[in-house]
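**Student:** Handing you a structure now.
The values are calculated or read from the model by the stated rules, or taken from the named source; none is laboratory data. Computed from a predicted structure; not experimentally measured. Cβ placement follows ideal geometry from the backbone for every residue including glycine, while neighbour counts extend to all protein chains displayed.
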Amino acid sequence: MATAQRASFAVVVERDTTRRNVWAAMLRKAGMRRVLRRARPGEMSDLIAPGTPLTAMIVGLSAHMPRDDDMLALIASTRRHAPDAVILAVDHGNRPRGAAEAFAAGADDALRADHDPSELQARLAVRLQSAAQVSQRAARLVQLGLTPIEERIFVYLNAHRDEIVDRPTLARVLGEETWAYGDRRFDVHIVRIRQKLEAHFGDSLRVRTIRAQGYVLEGEARF
């Protein structure tokens, strides 16, 4: 039982049984192996805790009240305890501020009640794919063994792949004082980043120093 509790899972919180089952099937189709179904936010207290391995959650905001505070509170609590989870909200009341309230609570996406089912499926797939890519990228960064400063430099260089990034720009990225000629602090970080990249990627991902200009990240390896 303990192993099952630690396993990642997805959950549907929806008062209507038919919709609850349809959304659960949608999550399974999206690749979620363990999908739980709950009718009310109060039934989630045993699932949402710090470090909970929640992958995705779809919630339905009731159409029978001006504002579904219980569901919005559940979204907010889930976002605090499972910051990487994908949270989608469906506003059955089609409220003018329904989507805004869901986003403010922490939802990644929000739809109206009259949405096409294929739209929910498509949005779910996109959000899950994006979350998986972020998770994989974070895991690769851990494997590289970069220090926090090295990671920030590398992430910026990677976001500007094949572009020359000068030292004053890196100083701004790190929130430090403006770089002055002769300051070699970035050279030290770059040397260490270069060594770690070479150990993991060989020549397929490298940082090249452009004399008097800055640095450029080159290579075919994707990160």
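**Student:** Within 17 Å of the chain's Cα centre (by Cα), under 30 Å from residue 200 (Cα atoms), at pLDDT below 90 and not aromatic (Phe, Trp, Tyr), is that true of residue 141?
**Tutor:** Numbers: within 17 Å of the chain's Cα centre (by Cα): yes; under 30 Å from residue 200 (Cα atoms): yes; at pLDDT below 90: yes; not aromatic (Phe, Trp, Tyr): yes.
Criteria met by residue 141.
**Student:** With the checklist (1) surrounded by 18 or more Cβ atoms within 10 Å (Cβ to Cβ); (2) among the hydrophobic types (A, V, I, L, M, F, W, C); (3) in a strand (DSSP E or B) in hand, flag the one item residue 36 doesn't pass.
**Tutor:** (1)
**Student:** Are any of the residues in the range 183-201 assigned to a helix (DSSP H, G or I), touching a helix residue (DSSP H, G or I) at 6+ places or on another chain (Cβ under 8 Å) and at pLDDT below 85? Let's see the steps before the verdict.
**Tutor:** Quick first cut of the range 183-201, residues assigned to a helix (DSSP H, G or I) only: 185-201.
Cutting the leftovers down to touching a helix residue (DSSP H, G or I) at 6+ places or on another chain (Cβ under 8 Å) gives us 186, 189-190, 192-193, 196-197, 200.
Among the residues that remain, those that are also at pLDDT below 85 are: 186.
Within the range 183-201 (the criterion being assigned to a helix (DSSP H, G or I), touching a helix residue (DSSP H, G or I) at 6+ places or on another chain (Cβ under 8 Å) and at pLDDT below 85), the answer is yes, since at least one residue qualifies.
**Student:** Next question, about the same structure. Read through the list (1) modelled with pLDDT of 85 or more; (2) farther than 24 Å from residue 79 by Cα; (3) outside any strand (DSSP E or B); (4) not aromatic (Phe, Trp, Tyr), then give the number of the only condition that residue 208 fails.
**Tutor:** The failed condition is (3).
**Student:** Follow-up. Taking the stated definitions as given, is residue 134 surrounded by fewer than 14 Cβ atoms within 10 Å (Cβ to Cβ), assigned by TED's automatic domain parsing to the domain that holds residue 20, part of a helix (DSSP H, G or I) and touching a residue at least 24 places away in the same chain (Cβ under 8 Å)? Steps first, please.
**Tutor:** Working: surrounded by fewer than 14 Cβ atoms within 10 Å (Cβ to Cβ): yes; assigned by TED's automatic domain parsing to the domain that holds residue 20: yes; part of a helix (DSSP H, G or I): yes; touching a residue at least 24 places away in the same chain (Cβ under 8 Å): yes.
Judged against the criteria, residue 134 is a match.
**Student:** Suppose we filter the range 58-67 for residues that are surrounded by 14 or more Cβ atoms within 10 Å (Cβ to Cβ) and either touching a helix residue (DSSP H, G or I) at 6+ places or on another chain (Cβ under 6 Å) or modelled with pLDDT under 95 (or both); how many remain? Please lay out each step first, then the result.
**Tutor:** First, the residues of the range 58-67 that are surrounded by 14 or more Cβ atoms within 10 Å (Cβ to Cβ): 58-63, 67.
From what is left, the residues that are either touching a helix residue (DSSP H, G or I) at 6+ places or on another chain (Cβ under 6 Å) or modelled with pLDDT under 95 (or both) are 58-59, 61-63, 67.
Total meeting the criteria: 6.
**Student:** Of the residues 106, 98, which is at positive phi and either aromatic (Phe, Trp, Tyr) or buried (at least 18 other Cβ atoms within 10 Å of the Cβ) (or both)? Spell out how you get there, then give the answer.
**Tutor:** On the way: 98 fails: at positive phi.
Among 106, 98, only 106 is at positive phi and either aromatic (Phe, Trp, Tyr) or buried (at least 18 other Cβ atoms within 10 Å of the Cβ) (or both).
**Student:** Could you say whether any residue in the range 69-89 is more than 20 Å from the chain's Cα centre (by Cα), over 25 Å from residue 130 (Cα atoms) and assigned by TED's automatic domain parsing to the domain that holds residue 129?
**Tutor:** Yes, some residue in the range 69-89 is more than 20 Å from the chain's Cα centre (by Cα), over 25 Å from residue 130 (Cα atoms) and assigned by TED's automatic domain parsing to the domain that holds residue 129.
**Student:** Right, something else. Quick one: in the range 53-68, of everything that is part of a loop (DSSP other than H, G, I, E, B) and among the aliphatic types (A, V, I, L, M), which residue is nearest to the chain's Cα centre (by Cα)? Break it down into steps so the answer makes sense when it comes.
**Tutor:** Quick first cut of the range 53-68, residues part of a loop (DSSP other than H, G, I, E, B) only: 53, 62-68.
Subset that is among the aliphatic types (A, V, I, L, M): 63, 65.
On the way: 63: 29, 65: 31 Å.
This residue is 63.
**Student:** Related question: Among the listed residues 172, 112, which satisfies the condition of being within 30 Å of residue 62 (Cβ to Cβ), surrounded by 12 or more Cβ atoms within 10 Å (Cβ to Cβ), at pLDDT 85 or above and of a type outside the set (A, V, I, L, M)?
**Tutor:** Numbers: 172 fails: within 30 Å of residue 62 (Cβ to Cβ).
The match here is 112.
**Student:** Which of the residues that make up the range 77-126 are under 14 Å from residue 23 (Cβ atoms), in a helix (DSSP H, G or I) and in contact (Cβ under 8 Å) with a residue 24 or more places away in the chain?
**Tutor:** Scanning the range 77-126 gives 117, 120, 121, 123, 124, 125.
**Student:** Looking at the range 11-40, I want the residues that are outside the structural domain of residue 111 (by TED's automatic domain parsing) and have a partner that is hydroxyl-bearing (Ser, Thr, Tyr) with Cβ atoms under 9 Å, at least 6 apart or on another chain. Which pairs are those?
**Tutor:** none
**Student:** Condition first: crowded, with 22+ Cβ neighbours inside 10 Å and of a type in the set (S, T, N, Q). Now tell me which residues in the range 68-91 satisfy that.
**Tutor:** Answer for the range 68-91, where residues must be crowded, with 22+ Cβ neighbours inside 10 Å and of a type in the set (S, T, N, Q): just 78.
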